[in-house]
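In what follows, a single structure is set out as structure tokens and then discussed.
The values are calculated or read from the model by the stated rules, or taken from the named source; none is laboratory data. Keep in mind that this is a model prediction, so the values were computed, not measured. Here the Cβ positions follow ideal geometry from the backbone for every residue, glycine too, while neighbour counts run over all protein chains shown. SASA here: full protein model, heavy atoms, side chains in, ligands and nucleic acids out. Shrake-Rupley method; radii C 1.70, N 1.55, O 1.52, S 1.80 Å.
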Amino acid sequence: MGARATGRDIDRTIDEFVAHLAAERGLSRNTLTAYGSDLARLAEDLERQRITEVAAIRPAHLIKFLEALARRGLAARSRARTLAAVRMFFAYLLREHVVAINPTQDLHLPRLGQRLPRSVSQREIERLIEAPAPPRQSVSAATAARAARDVAMVELVYATGLRVSEVVSLKVNQVNLEAGYLTVIGKGRKERAVPVGHYACERLRTYLAETRPVLLRNRSSPYLFVTRAAKSMTRQAFGRLLRKRVQRAGIATKVSPHTLRHAFATHLVDHGADLRAVQMMLGHADIATTQVYTHVARERLREVHRKFHPRG
């Protein structure tokens, strides 16, 4: 079938592509917004180049677009993400027979340096979990319940490596404490099973039996972690409670929910875990994403060698 590019307006075609991603790929709202912003930049630049239809786009136009991004000071990583969005856009147009050739196939950006994830030590994790509650003359049952819930959330994220969006949307029926695992719906609506360690299982049993009923106060909710209003926790609320625990634990390192996920993977690899198994638990589609943790492990080994070897 020949291409049907004649007359296809760039802005309208971008809108159709983003709608396709939302309907068919199950991407998060944040990811869709990022793709939409990157492609909106492309449309604006092409308009300055007097290009308004997809049939007229050539590699030279895209090269000028990428050069313009660099001149504006956009970071190399952001330019790489933009190019990835543009590649996806034209791959979609090619599949839909909107264009006959893909003008991005020979476009490349300089290789980015490997960014090592920020992590925290096992001792810092222990301090974070054991962080003392804020001093009070008398602690109410609701306050104690919130503190117990917060510890259970921190323990579970470190034990499973869940994304913060995954842990706050986790439902009770996704957790099987007898078998020691949970099922989670990750990126792209893909389901995966993740084992839950002994300590986290015990913490969750106590939370479900003693803490969650206090928070719900005879109300019901399908969600595992709930607020006093019987609603699910939010990413922002988890971020706030984590910052407070970090402060009370006296940890100087900046710790975010994503830091706990990195710590989970880093500590597994440090102790010899198989990279494929870590990939499955993290829900990474590509093993290359998980391989960054081998770099972290090597960096740790070099630090130990430098510190303890007599000629390090």
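Some observations on this one:
- Near LYS171, the amide H atoms lying under 5 Å from its own belong to LEU224; only residues 5 or more places off or on other chains count, and H is placed 1.01 Å from N.
- Rounded FRET efficiency, nearest 0.05, which uses the C-beta distance separating GLN105 from ALA277 and R0 of 22 Å: 0.05
- Distance between modelled label sites at ARG306 and GLU178, nm, 7 Å Cα→Cβ extension: 5.2
- Förster radius 51 Å - calculated FRET efficiency between GLU24 and ARG217, Cβ distance, rounded to 0.05: 0.75
- Toward the positive end of the charge dipole of the range 151-243, with +1 on the Cβ of Lys and Arg and -1 on the Cβ of Asp and Glu, the farthest Cα among ALA237, VAL157, GLN174 is that of ALA237.
- Against the compact-protein benchmark of 2.2 N^0.38 Å, the Cα-based radius of gyration of the range 190-288 scales to 1.29.
- Principal-axis tilt of helix 59-71 within the chain, Cα atoms, nearest 10 degrees: 50
- Point-to-point label distance, SER37-ALA229, nm (Cα→Cβ direction, 7 Å offset): 2.7
- Inter-label distance, nm, simple model (7 Å from Cα along the C-beta direction), ARG72/HIS97: 3.6
- Taking Cα centre as origin and charging only the Cβ of basic (Lys, Arg, +1) and acidic (Asp, Glu, -1) residues, the dipole magnitude of the chain rounds to 1000 debye.
- Think of a 1.4 Å ball rolled over the protein heavy atoms: the chain then has 57 Å² of accessible area per residue.
- All-pairs Cα distance distribution in the chain, expressed in whole percent, bin size 20 Å: 26, 46, 26, 2
- Listed residues ALA56, ALA144, ILE185: farthest to the positive end of the dipole of the chain (Cβ charges): ALA144
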